[in-house]
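Peer 1: First, the structure itself, so that you have it in front of you.
The values are calculated or read from the model by the stated rules, or taken from the named source; none is laboratory data. Nothing here was measured: the structure is a model prediction, and the numbers come from that model. Ideal geometry is used to build each Cβ from the backbone, glycine not excepted, and the neighbour counts take in all protein chains shown.
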Amino acid sequence: MTGKEKTELRKTQILQAAAKVFAEKGFQEGTIPDVAKESGVSEASIYEYFSNKENLLFSIPMEAMQRLSEKIDFHLKLIRGSAEKLRAILYLQLLFYIENRDYAAVIMLILKQNRRFLDTEAHQAIRKHLKTVDKVIRDGMECGEFRNDMDPYLIRSTCLGSMEHVVTNWLMLGHPTDEELLKWVDPMLNALVRGVGAGNELNQCPLKHLIVPEDVEA
């Protein structure tokens with residue numbers, strides 16, 4: 001392993017530990033010593049990578065968003081139709097939250113309340129993901145799949161806002177369950193498509209066949 005690879009591995013180790021600490025204790029109560037203990041990395045080493053606790057918090061989404069975006073981009077190339085692509089985005093994002101619950105808690109319950117996060121590089125990574133959603137919506141409007149008399153921003157806000165509301169309840173109240181969370185994708189998107197679609201509902205072929213084709217390794 002090269003020195004650069006070791007550095008990246010240690011940073012990832014610290015970020016994962018920080019996400020766990022902040023998700024469990026909150027940002028105000030979680031401390032750098034807590035992160036050091038959780039990660040097995042000294043406090044001094046943490047400060048070599050992150051200038052302070054807030055910088056550490058703001059850095060958490062970078063690596064996670066890169067992984068999520070790469071997975072979404074890969075699958076969108078295999079799927080036809082804007083509604084089905086939106087369906088895949090919602091499914092993959094919810095699945096990612098289930099597999100990375102600490103990250104989901106940091107994003108939904110902590111970072112969304114911090115205006116300074118809007119000026120960070122990590123937030124730009126999130127904005128890049130939103131542009132992917134915007135493109136899917138605009139493509140749907142251009143090809144006649146979605147109504148073209150609506151604001152694409154409103155469609156995106158309705159789609160992702162519904163998902164975020166459900167995820168917040170999942171994190172704070174434990175409802176829906178992990179299994180139920182993924183089953184909410186079709187009802188959420190069908191409600192949206194009825195409002196913005198040009199007369200078509202989503203087809204109901206099993207989602208896993210759209211997301212993970214049998215002859216393609218995800």
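Peer 1: Scan segment 93-108 and give yes if some residue there is more than 17 Å from Val21 (Cα to Cα), crowded, with 19+ Cβ neighbours inside 10 Å and assigned by TED's automatic domain parsing to the domain that holds Asn190, otherwise no.
Peer 2: So far as segment 93-108 goes, yes, one or more of its residues are more than 17 Å from Val21 (Cα to Cα), crowded, with 19+ Cβ neighbours inside 10 Å and assigned by TED's automatic domain parsing to the domain that holds Asn190.
Peer 1: While we're looking at this one, here's another question. Within segment 24-39, can one find any residue that is of a type in the set (Phe, Trp, Tyr), closer than 30 Å to Leu189 by Cα and surrounded by 15 or more Cβ atoms within 10 Å (Cβ to Cβ)?
Peer 2: Within segment 24-39, none of the residues are of a type in the set (Phe, Trp, Tyr), closer than 30 Å to Leu189 by Cα and surrounded by 15 or more Cβ atoms within 10 Å (Cβ to Cβ).
Peer 1: A further question on this structure: Pick from Ala23, Ala44, Ala64, Ala83: which is within 26 Å of Met163 (Cα to Cα) and outside the structural domain of Phe146 (by TED's automatic domain parsing)? Give the derivation first.
Peer 2: Details: Ala44 fails: within 26 Å of Met163 (Cα to Cα); Ala64 fails: outside the structural domain of Phe146 (by TED's automatic domain parsing); Ala83 fails: outside the structural domain of Phe146 (by TED's automatic domain parsing).
Criteria check complete, one pass: Ala23.
Peer 1: In segment 28-87, what residues are among the basic types (Lys, Arg), under 24 Å from the mean Cα position of the chain (by Cα) and within 24 Å of Arg101 (Cα to Cα)?
Peer 2: If the condition is that a residue be among the basic types (Lys, Arg), under 24 Å from the mean Cα position of the chain (by Cα) and within 24 Å of Arg101 (Cα to Cα), then Lys53, Arg67, Lys71, Lys85, Arg87 are the ones that fit.
Peer 1: Another question, then. Quick check on this structure: which one of Asp134, Asp102 is assigned to a helix (DSSP H, G or I), of a type in the set (Asp, Glu) and either in contact with a Leu (Cβ under 6 Å, 6 or more places away or on another chain) or in contact (Cβ under 8 Å) with a residue 24 or more places away in the chain (or both)?
Peer 2: Asp102
Peer 1: While we're looking at this one, here's another question. Under 7 Å between Cβ atoms, at least 6 apart or on separate chains: pull out the pairs that start in segment 140-160 with a residue that is in the same structural domain as Ile79 (by TED's automatic domain parsing) and closer than 22 Å to Arg80 by Cβ and end on any residue that is in a helix (DSSP H, G or I) and of a type in the set (Lys, Arg).
Peer 2: Pro152/Arg138
Peer 1: Being touching a residue at least 12 places away in the same chain (Cβ under 8 Å) and outside any helix (DSSP H, G or I) is the filter; apply it to segment 31-71 and report the residue that is farthest from Phe117 (Cα to Cα).
Peer 2: Among those residues, the one meeting the criterion is Gly40.
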